[in-house]
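Below is one structure, written out as structure tokens, with a few remarks after it.
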Amino acid sequence: MPEQKVRIGFVGVGNMGQCAHLKNYANLDICQVVAIAEIREPLRRKVAARYGIPNTYPTHEEMLQNEALDGIVAAQPFGRYGILVPELLKAGVPVFTEKPLAASIEAGEKIVDAMRTSGTWHMVGYHKRSDLATMYAKTEIECLKASGELGKMTPPLEWDAPAPDMNDELRNQYNGFVNYYIHQINLMRYLLGEPYTVTYADPSGVLLAGQSENGIACTIEMSPYSTTIDWQESALVCFERGYIKIELPAPLASNRPGRVEILRDPGEADHFRTLWQSQGTVEFIRLDPSDQRNLGEIASHPAEIKRLACLSVPVTLECLQRFTGLEEATFQGSYGSSVSEGPIQEHIQQAGITVYNHPTEGFWGQTVAEYGLALTLCGLRRIPQLHRAILSSLVPWDYEAPNSMGRPGGRGHQFGDDSNFTSGTIAGKRVRIVGAGNISSRYASFVNMLGADVAVWDPYASEPCFHRAGSRKEWHLSELVKDAEIFAPMVPLLESTRGIVTAEHINALPKGCLVVLATRARICDMEAVRRRVLTDELSLAADVWDVEPLPLDDPLLGRHNVVHTPHNAGRTIDANRAWAEKLVVQFKPQ
């Protein structure tokens with residue numbers, strides 16, 4: 001405890017003066033409230049007795065004339081600050097006031113001028129900035145903005161014309177608004193880290209929208225509902241791949257900090273960071289693909305970095321040469337550069353840098369194969385079509401045969417399949433697969449386990465690839481397609497595989513065959529596939545297409561014999577995490 005306490009004087013000890021300020025200053029060991037100025041004599045006397053304040057005055061002028069103060073707290077209605085604060089600043093000691101700074105721009109400028117003349121400072125009490133939750137969230141926001149780990153902050157709104165000048169009625173409404181909501185106005189400024197302009201204010205007084213000077217959209221929703229149960233106030237700062245949410249306590253709650261919730265996209269980027277932090281010191285750099293800065297423009301102390309992990313960061317020979325102490329690295333998705341060939345690769349070898357890289361496809365195999373199985377089941381059982389149908393009709397619920405009498409070749413009781421195409425169970429079906437690789441071999445093992453007759457064509461695969469998947473090898477693609485009830489071409493799209501399934505192969509598929517596309521559409525002659533699907537000769541269950549995204553007027557969309565999804569078989573949280581884990585484990589533990 002200091003030998004000499006800070007001497008504080010209060011100007012105004014009304015409701016907020018006592019509840020929000022005086023009771024706290026009176027309990028601090030480092031300061032002493034030595035005087036109060038309060039025009040209401042009974043209140044002045046009772047407050048002084050309650051808090052043991054030795055000196056009281058009816059006006060601030062008298063207090064300033066008689067007291068040697070180190071600081072002044074003036075909790076007043078904000079409309080008085082334009083006159084009061086400049087007079088207090090003449091004492092040459094710091095002044096603390098309630099929010100906001102002033103009731104007008106002119107009054108605010110007068111206060112700022114007086115502060116500059118006095119040589120001291122004026123603190124405005126936006127206490128929500130000092131909540132532990134807000135302080136923690138602010139630190140995290142700045143880190144995320146700097147690292148780009150969760151992408152950019154949310155995009156801007158359109159600009160609307162500014163509001164006209166206020167009349168008397170609007171001025172009264174404005175005063176009420178400022179008194180209650182200036183904390184939220186200021187908190188948004190604090191969390192953004194930059195000024196913003198109001199672009200829209202709803203006449204209901206519930207919604208305010210703004211745009212920061214760097215184009216970040218921001219909104220305030222003011223009391224859309226009320227509750228007697230608890231205080232509900234929150235702030236949400238959004239990024240492209242996550243958010244930070246702050247839940248704040250009631251304004252006069254004592255010793256109750258807020259709460260912070262952080263959502264990070266659980267994909268490979270964040271998982272990379274978490275794993276490497278636990279394993280040892282690794283410099284982690286990630287850019288949005290639209291950011292064209294190279295590695296040398298981002299790293300501030302390249303010579304000090306020993307272990308480096310980059311995501312979507314262009315790498316050049318010149319910038320890599322600056323990393324003189326680099327020992328281990330991974331360069332994933334380094335658009336605009338290649339570290340596996342040419343001068344960069346030569347430098348890596350000469351410098352003795354160990355580089356760990358692997359394709360993501362190796363860790364999407366399971367998720368794509370499972371998705372292929374799901375497409376197959378949906379195509380066989382018409383699951384998406386039935387899901388859509390029962391949203392608008394009860395007819396799909398009635399599976400009674402016509403006149404309650406089944407007929408040969410007709411539909412029986414609760415028979416929901418389409419007998420014009422391969423339907424029913426996977427068990428017993430002739431499943432014919434192109435490829436015996438990472439995805440296709442998994443898919444083959446799935447349908448084999450369910451009882452299908454599985455044959456695979458892959459001229460480059462060894463015998464164990466077929467044996468482990470429970471399939472038999474077919475030596476000729478032209479033979480594979482002849483008896484297919486389910487046809488699943490599942491190879492990566494390379495120059496050597498583009499169009500490997502020709503129109504002749506597609507035309508040879510038996511009528512009613514279900515075609516499953518889960519890897520790349522262009523390995524097939526898609527003109528032939530489209531023609532046969534549109535003439536009801538084949539059914540199709542596809543996640544990949546010849547044109548992506550599919551135009552909304554594409555004739556394949558919504559057909560009774562087509563199951564369609566938007567190319568999302570590979571990207572799952574589990575697959576991304578597996579990719580990160582397999583890559584990180586290659587680094588030597590530190």
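Derivation of every value follows stated rules applied to the coordinates shown; laboratory data play no part. Fair warning: this is a prediction, and the values are worked out from it, not measured in the lab. Every residue, glycine among them, receives a Cβ derived from its backbone with ideal geometry; neighbour counts consider all protein chains shown.
Helix 438-449 and the longest principal axis of the C-alpha atoms of the chain enclose an angle of approximately 70°.
Can you give the angle from 0 to 90° between the axis of helix 132-147 and the longest principal axis of the chain, with both taken from C-alpha atoms, to the nearest 10? Result, in degrees: 50. Go through 5/90; 23/245; 46/110; 99/138 and tell me which ones have a Cα-Cα distance over 25 Å in this structure. Among 5/90; 23/245; 46/110; 99/138, the Cα-Cα distance tops 25 Å for 23/245; 46/110. Just want the answer: with Cβ charges of +1 for Lys and Arg and -1 for Asp and Glu, which residue in 555, 12, 342 is farthest toward the dipole's positive end in the chain? Going by the Cα projections, it comes out as 12.
Each of 260, 547 was scored by other Cβ atoms within 10 Å of its Cβ. Arranged with the fewest first, they read 547, 260. Shape of region 32-79 from the C-alpha gyration tensor: rounded (a/c under 1.5, with a ≥ b ≥ c the square roots of its eigenvalues). Using Cα atoms only, what is the angle between the long axis of helix 268-279 and the major principal axis of the chain, expressed in degrees (0 to 90) to the nearest 10? Computed tilt is about 70 degrees. With R₀ fixed at 41 Å, the C-beta to C-beta distance from residue 223 to residue 573 puts the FRET efficiency at about 0.65. Charges were assigned to the Cβ only: +1 to each Lys and Arg, -1 to each Asp and Glu. The resulting dipole of the chain about its Cα centre is roughly 1280 debye.
With the simple spin-label model, which puts each label point 7 Å out from Cα in the Cβ direction, the residue 173 to residue 345 separation comes to 6.9 nm. Decide, for region 469-514, between rounded, prolate and oblate: order the square roots of the alpha carbon gyration tensor eigenvalues as a ≥ b ≥ c, take rounded if a/c falls under 1.5, and otherwise choose prolate if a/b is larger than b/c, else oblate. The shape class here is oblate. Projected label points at residue 201 and residue 301, each 7 Å from Cα along the beta carbon direction, are separated by 4.8 nanometres.
From least to most packed, judged by other beta carbons within 10 angstrom and beginning with the fewest, 31, 19 follow the order 19, 31. By other beta-carbon atoms within 10 Å, ranking 449, 153 with the fewest at the front produces 449, 153. At full extension, residue 15 and residue 366 could sit 119.9 nm farther apart than now, given 0.36 nm per residue minus the alpha carbon distance. For the chain, the relative contact order is 8 percent, taking Cα pairs closer than 8 Å that sit 6 or more residues apart in sequence and dividing their mean separation by the residue count. In this simple spin-label approximation, residue 181 and residue 449 carry label points 7 Å from Cα along the Cα→Cβ vector, and these lie 5.6 nm apart.
Within straight-line reach of residue 128, meaning a Cα separation under 15 Å, sit the following aspartates and glutamates at least 8 residues removed in sequence or on another chain: 98, 233, 247. Only Cα pairs under 8 Å and 6+ residues apart enter the sum, and on that basis the relative contact order of region 6-126 stands at 23 percent.
Residues whose amide H falls under 5 Å from that of residue 31, counting only those 5 or more places apart or on a different chain, are 6, with hydrogens built in the peptide plane. Extension gain, residue 318 to residue 281: 0.36 nm times the residue separation minus the Cα-Cα distance gives 10.9 nm.
For the chain, the mean residue ellipticity at 222 nm estimated from helices alone is -9500 deg cm²/dmol, where every DSSP H run of n ≥ 4 contributes -39500 (n - 2.57) and the total is divided by all residues, rounded to the nearest 500. Kindly state, to the nearest 0.05, the FRET efficiency for residue 386 paired with residue 553, given R0 = 25 Å and r defined as their beta-carbon distance. For R0 = 25 Å, the calculated efficiency reads 0.55. Using θ = phi - 60° in the Karplus curve 6.51 cos²θ - 1.76 cosθ + 1.60, the 3J(HN,Hα) couplings for region 474-490 round to 9, 7, 9, 4, 4, 7, 4, 7, 5, 10, 5, 9, 10, 10, 10, x, 9 Hz; x is entered for Gly and Pro.
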